[in-house]
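Structure record follows, encoded as structure tokens.
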Amino acid sequence: MNAFALVLLVAMATACCEARLLRLSQSQKMAFLKEHNRLRAQTAKGHTRGQPSASNMAELVWDDRLMRSANRWVRKCRVGHDRARDRRLPGFSWVGQNWAGGHSRDFTRKSCSKVCGHYTQVVWAKTTRVGCGVARCGRYPYHVVCNYATGGNFNNEFPYARGRPASRCGRRFRRRRNGLCVA
């Protein structure tokens, strides 16, 4: 199974039923964070099939504001994205969102299939924060939505710069760990 689908495929609910929002424990939040960073490091080091290594990919940190924003959408048990304006948060110019998985990207042409935006948001180099919400919805056991800041997926932009892992982190990053730039 594609590793990126593992994180993102858990969101398979329909809009048919009432939701029960699940409160994430600290260890569950850290499990989401650890898996996101594992997948980012895998790509940064060039270990994702068909994808070049990344020279500027940041390590993510957990953000409870993004989690609360994701909770507002996930409790509706709707498949798809909310409106971008519903994710506006002070301090972030753009908040990206994932609710399903998969990727099919041609890195050289800055293009991808319809669902690869979920993959590219996970590996968007300038994204530094993540927060996820989980609800029980109808016949599917879990509906998961993750929000990201600063969001990515801008037209005609690569999700990250090619190169040796963590070789172009920039001044705001104090160190490097596991192929990622760490603030």
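The values are calculated or read from the model by the stated rules, or taken from the named source; none is laboratory data. Since the structure is predicted, the reported quantities are computational estimates derived from the model, not experimental observations. Backbone-built Cβ (ideal geometry, glycine too); neighbour counts: all protein chains shown.
Details
- Extreme residue, surrounded by the most Cβ atoms within 10 Å (Cβ to Cβ), among residues of region 36-78 that are farther than 19 Å from Arg176 by Cβ and touching a Cys at 6+ places or on another chain (Cβ under 7 Å): Ala70
- Taking each residue of region 159-183 that is farther than 22 Å from Lys34 by Cα and looking for partners that are of a type outside the set (Ser, Thr, Tyr) and surrounded by fewer than 15 Cβ atoms within 10 Å (Cβ to Cβ) with beta-carbon atoms closer than 7 Å, six or more apart or interchain, yields Arg168/Ala161.
- Scanning region 123-152 for residues that are assigned to a loop (DSSP other than H, G, I, E, B) and farther than 22 Å from Phe173 by Cβ turns up Gly138, Arg139.
- Selected residue [out of contact with any strand residue (DSSP E or B) (no Cβ under 9 Å at 6 or more places or on another chain), closer than 18 Å to Gln121 by Cα and either at pLDDT below 90 or assigned to a strand (DSSP E or B) (or both)] from Gly50, Gly96, Gly80: Gly80
- Matching residues in region 135-183 - criterion: being more than 19 Å from Arg20 (Cα to Cα) and aliphatic (A, V, I, L, M): Ala149, Ala161, Ala166, Leu180, Val182, Ala183
- Screening region 114-172 for residues that are surrounded by fewer than 16 Cβ atoms within 10 Å (Cβ to Cβ) and of a type in the set (Gly, Ala, Ser) and picking the one that is modelled with the lowest pLDDT gives Gly138.
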